[in-house]
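Asker: Just passing along the structure, written as structure tokens.
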Amino acid sequence: PPAGGRGEALRGKRVLITAGPTHEPIDPVRYIANRSSGRQGFAIAAAAAEMGAEVHLIAGPVHLATPPGVTRIDVETAREMAAAVDAALPADIAILVAAVADWRTADAADQKIKKTGGALPVLQLAENPDILAGLAGDPRRPALLIGFAAETEHVVAHAQAKLARKRCDWIVANDVSGDVMGGQNNAVHIVTGQGVESWADLPKDQVARKLMEKIADAVR
Ligand code: CTP
Ligand code: CA
């Protein structure tokens, strides 16, 4: 059989994946969120496990089943996700697919915020930790560190800038101006130091398998 066939290509590799949105509480009943479904990240976790990897999937709040053979850690906020990533290290490969909320409320209210009939409530925001940039600068940095980038314009140019800024190895960029977030398909550009590879619009599970095959080639 060809080297790197299904079930063997990533045997012995520890793969860390983040997926889904994060929820940032405003008060006990409200939160800041985004449209990420977690589907692309879960499909990548499934594909990695099928190829024999030891997969740790750190998932934001999503309604998806855990893929077979995957160790799943559920989190809600960006700060919980950052702590779970830290606890899951070391890893050979990290693929950060999560749509991490860039901001949280500076101070979530302990009780439900009520209408007062007068002044509108003001949300004071604070910036969340950048998990990808943090991993890039960590002494335990995975040998292959991959970020995702959801863009609505200038997709490749923004991804190239992100690759440099975050000091990761690859950025998988997609155009989310349509219904990609929460949708079934994804058209991605793989941006690396070597150049850009653009793939046709494919179902998310096929994007996942193709990406994991490219990763297996890179770490072989
Ligand atoms: N990311 C992360 N932690 C954050 C924000 C983003 O780990 N606090 C990761 C995402 O999981 C993704 C990559 O960084 O792999 C790029 O996320 P993106 O939101 O596109 O980048 P930002 O630097 O937040 O830039 P933007 O202003 O475009 O949102
Ligand atoms: Ca962001």
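We did not get these values from a lab; they are worked out from the coordinates using the rules stated. Not measured: the values here are computed from a predicted model. FYI the Cβ positions are ideal-geometry reconstructions off the backbone, even for glycines, and counts take in every protein chain you see.
Asker: Specify the residue with the greatest mean-square fluctuation among 164, 99, 43, computed from a Gaussian network of the chain linking alpha-carbon atoms under 10 Å apart.
Answerer: Checking each option, the largest mean-square fluctuation is seen for 164.
Asker: Within the stretch 152-169, which residues have the backbone N less than 17 Å from the label spot 7 Å out from residue 187 along Cα→beta-carbon, could you tell me?
Answerer: Under 17 Å, as judged by backbone N against the label point of residue 187, lie 152-159 of the stretch 152-169.
Asker: Here's another thing I want to ask about it. With everything on Cα atoms, drop me the angle between helix 155-166 and the longest principal axis of the chain, reported from 0 to 90° to the nearest 10.
Answerer: The helix 155-166 is inclined about 90 degrees to the chain.
Asker: When a/c is below 1.5 the answer is rounded, else prolate if a/b is larger than b/c, else oblate, so apply that to the stretch 80-189 with a ≥ b ≥ c taken from the square roots of the Cα gyration tensor eigenvalues.
Answerer: oblate
Asker: What residue among 158, 189, 56 has the largest mean-square fluctuation in a Gaussian network model of the chain, using Cα springs under 10 Å?
Answerer: Of the options given, 158 has the highest mean-square fluctuation.
Asker: What number do you get for the stretch 1-81 when its Cα radius of gyration is normalised by 2.2 N^0.38 Å, N = residues?
Answerer: Compactness ratio reported: 1.27.
Asker: Just flag the trypsin sites (Lys or Arg not before Pro) in the stretch 89-179 sitting in loop per DSSP whose Cβ has no more than 10 other Cβ atoms within 10 Å.
Answerer: 112, 114, 115, 140
Asker: What is the distance in Å between the Cα centroid of the stretch 65-143 and that of the stretch 174-220?
Answerer: First find each Cα centre; the distance between them is then 23 Å.
Asker: Counting only Cα, what are the radius of gyration and maximum Cα-Cα distance Dmax of the chain, in Å?
Answerer: Just the Cα atoms of the chain yield Rg and Dmax of 18.0, 72 Å.
Asker: Report the net charge of residues surrounding residue 57, where surrounding means a beta-carbon distance below 13 angstrom and charges are Lys +1, Arg +1, Asp -1, Glu -1.
Answerer: Taking every other residue near residue 57 into account, the sum is +1.
Asker: Could you identify which residue out of 113, 171, 190 has the top mean-square fluctuation in a GNM of the chain using Cα springs shorter than 10 Å?
Answerer: Evaluated over the chain, the most mobile residue of the options is 113.
Asker: While we're looking at this one, here's another question. Need one number: nm distance between label points at residue 103 and residue 35, each 7 Å from Cα along Cα→Cβ, rounded to one decimal.
Answerer: Between residue 103 and residue 35, the label points sit 2.0 nm apart.
Asker: Checking the a/c ratio against 1.5 first, then a/b against b/c, what shape does the Cα gyration tensor give for the stretch 102-165?
Answerer: oblate
Asker: So what's the net charge close to residue 101: Lys and Arg +1, Asp and Glu -1, counting the other residues with Cβ under 13 Å from its Cβ?
Answerer: -3
Asker: Under a Cβ-Cβ cut-off of 12 Å, what is the net charge of the residues other than residue 127 that fall near it, where Lys and Arg count +1 and Asp and Glu count -1?
Answerer: After counting each charged neighbour, the total is -1.
Asker: When you have a sec, figure out the Kirkwood radius of the stretch 52-111 from all distinct Cα pair distances and drop it here in Å to one decimal?
Answerer: Over the stretch 52-111, the inverse of the mean reciprocal pair distance is 13.2 Å.
Asker: Follow-up. Calculate the FRET efficiency for residue 11 and residue 127 from the Cβ-Cβ distance with a Förster distance of 35 Å, rounded to the nearest 0.05.
Answerer: 0.35
Asker: Between residue 201 and residue 177, what length comes free when the chain is fully extended (0.36 nm per residue of separation minus the Cα-Cα distance, one decimal in nm)?
Answerer: Length gained, residue 201 through residue 177: 7.3 nm.
Asker: Using Cα atoms only, what is the angle between the long axis of helix 39-50 and the major principal axis of the chain, expressed in degrees (0 to 90) to the nearest 10?
Answerer: 30
Asker: Express as a percent, rounded to the nearest 5, the fraction of DSSP beta bridges in the stretch 28-147 (both residues included) that run antiparallel.
Answerer: In the stretch 28-147, approximately 25 percent of DSSP beta bridges are antiparallel ones.
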